[in-house]
1. Quick check: at a probe of 1.4 Å, how many percent of the accessible area of the protein assembly as shown sits on carbon and sulfur atoms?
2. Let a ≥ b ≥ c be the square roots of the eigenvalues of the Cα gyration tensor of chain A; is it rounded (a/c under 1.5), or, if not, prolate (a/b larger than b/c) or oblate?
3. Residues of B:91-100, mean number of Cβ from any other protein chain within 10 Å of their own Cβ, rounded to a whole number?
4. Rounded, prolate or oblate: pick one for chain B, where a ≥ b ≥ c are the square roots of the eigenvalues of its C-alpha gyration tensor, a/c under 1.5 means rounded, and failing that, prolate if a/b is larger than b/c, else oblate.
5. In sequence order, what are the phi-derived ³J(HN,Hα) couplings for region A:244-255 according to the Karplus relation 6.51 cos²θ - 1.76 cosθ + 1.60 with θ = phi - 60°, rounded to whole Hz, with x for glycine and proline?
6. Using modelled backbone amide H atoms (1.01 Å from N, in-plane), which distant-in-sequence or interchain residues come within less than 5 Å of B:Arg231's amide H?
7. Taking 30 Å² as the minimum loss, tell me which residues in region A:94-137 lose that much accessible area going from the chain by itself to the full protein complex (1.4 Å probe).
8. Note the angle between two axes, namely the Cα long axis of helix B:126-139 and the longest principal axis of the Cα atoms of chain B, as a number of degrees from 0 to 90, rounded to the nearest 10.
Amino acid sequence: MDLLRAIFIDPFAQMIGSPDLLAQTIWEGFVGGVLYALIALGFVLIFKASGVFNFAQGIMMVFAALTLVGLHEKGVPAWVALILTIAVMYALAVGIERLVLRPLVNQPDIILFMATFGITYFLIGLGELVFGGNPKSMITKELFLPGGSIDLHIPGGRVQLQKLDIAAAAVALIMVAGLALFFQKTRIGRALRAVADDHQAALSVGISLNQIWVIVWFTAGVVALATGIFWGARSDVSFALQVVALKALPVLILGGLTSVPGAIVGGLIIGIGEKLGEFYWGPLLGGGIESWLAYIIALAFLLFRPQGLFGEKIIERI
Amino acid sequence: MVSQTASPSPAPILDVLNIEVVYNAVALVLKGVSLNVPKGGVVALLGANGAGKTTTLKAISNLLRAERGEVTKGAIVFDGERIDRLSPNDLVRRGAIQVMEGRHCFGHLTIEENLLTGAFTRRDGRAAVMRDLEAVYATFPRLKERRSTQAGYASGGEQQMCAIGRAMMSRPKLILLDEPSMGLAPTVVEEIFEIVRDLNAREGVSFLLAEQNANIALRYASFGYILETGRVVLDGAAEALRSNEDVREFYLGVAQSGRRSFKRVKTYKRRKRWLA
């Protein structure tokens, strides 16, 4: 009886009792969720266009952030470093298309998946070689990212919002909206969706798969850079950061591998869910459930809705 | 081995010269196929399952490489230029496009978006593309009604129209049409072929169409080639083919002397294997 009470009644009583704490928890979960969503977005983009599950997405995030910070450390002004990093991500996309995707066309998916492991280790090695293995701190000030926090007064208390988190949410929102527009309205975006639907047919109407792949990997690289900047600002820029990318897996399972809105909603559910779980139910288990709760949620989804919340229904005419 | 004198016309837009195609570096699928399509002509490529019709079309459109096939011998000349080493993307830009067997519309894109993807290689501006979109809608009024439907939910006939319309959006000189009748009701097949004839007459687009349905293909084409196990075994004007005794027997299904048992047909076929 006591246990049931502790699970089903006390946490909610607590939430109602102090709405400011609840709001604070939801906000923190929301920001984490937005960043998960950005990582998941990188996976979705690449999976849709090239059918590759890109294991290297997490490392791309670290590599991008590391390049940015490393260049700045070497004396390059922040804005120039940002532009150079974007250029590096483009070169990376071209390189991956030439050296990995093109030679492996028509190979089974698992081979391409393994190839992305190779990319992961290559990027780790390259990053350490060029910029060293020590954790670095993100150059938030130089990028004009705001510091400090603002207090929001709500009935029952106040919520503290980090300005950096607000900026992260805003940038994520702009990127997602921009990508959605790009996908729906432009010629290249249409071609991307066409490739995602049917490679062969896309080839037959003259869409160049190589060009599309470069664009997609580059886009994923830019998304990775944005994620890397904000994750890097919350902790340090180091290769340990890539475990964050693993959190994108439950997000993907939740949202569906092929859906951009799914990545966003899935990210938010995981982000908010794990914060609420940790704060209100965590003490029952001695805390620390944040690190695995997301996987449990994902497992439940796999059991009942394997295509995810928004996974593309396979259109089949009978 | 093929009667070159019977070639359809002196100015071909497409000239396939004795090509061999090998899949996976071992399986020889085409064993020396030659054919040509005159400018503004409609040519049919006939044959049973596995005869090599689709492979021939894919060899021309260069979609073979995506399936690990390769043209190992011979040459393909389109509009005066050799094209056997070009990418499909280059080829579409030059004016040859394939409409694949089974239509292959982009299921999650709307009909209109499908049509617009056909204009991917064009560089002549949005206005020109939109004009052509209206032209396609004029040819296929049904597509206009369904413009915002996802192509995956369109009927088979609509999908075939969508696939042909999509190809038209690239402003082609030659369309390689693979098995347009597949899985469609006879009246719809008739409709599709009427449209082919219409596009050919009005826009001057040449067609090379691969068909199992020899009956209808020979009514709309002016010239035909018959493939069997990777070789052209017979060619000629459509009229001549339609009155050819063997074609009538094997492809048009009209035997001369009433009913015969299947067993006898088989031995007859074995005996009469053309040029084998």
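The values are calculated or read from the model by the stated rules, or taken from the named source; none is laboratory data. Since the structure is predicted, the reported quantities are computational estimates derived from the model, not experimental observations. Please note: Cβ atoms are built from the backbone with ideal geometry, for glycine as well, and neighbour counts cover all protein chains shown. The accessibility values were calculated without ligands, DNA or RNA, using every heavy atom of the protein model including side chains. Shrake-Rupley method; radii C 1.70, N 1.55, O 1.52, S 1.80 Å.
1. Values: 16260 of 26810 Å².
In the protein assembly as shown, the share of accessible area belonging to carbon and sulfur is 61 percent.
2. Numbers: a/c = 1.93, a/b = 1.32, b/c = 1.46.
Oblate is the answer for chain A, as a/c is 1.5 or above yet b/c matches or exceeds a/b.
3. Values: counts 2, 6, 1, 1, 0, 1, 3, 5, 3, 6.
Mean partner-chain Cβ count within 10 Å for B:91-100: 3.
4. Judged from the Cα gyration tensor, chain B comes out prolate (a/c at least 1.5, a/b above b/c).
5. Per-residue couplings from phi come out as 4, 5, 5, 5, 5, 4, x, 4, 5, 5, 5, x Hz.
6. Those qualifying (amide H under 5 Å, at least 5 residues apart or on another chain) are B:Lys31.
7. Those residues are A:Asn106.
8. Its long axis makes an angle of about 50 degrees.
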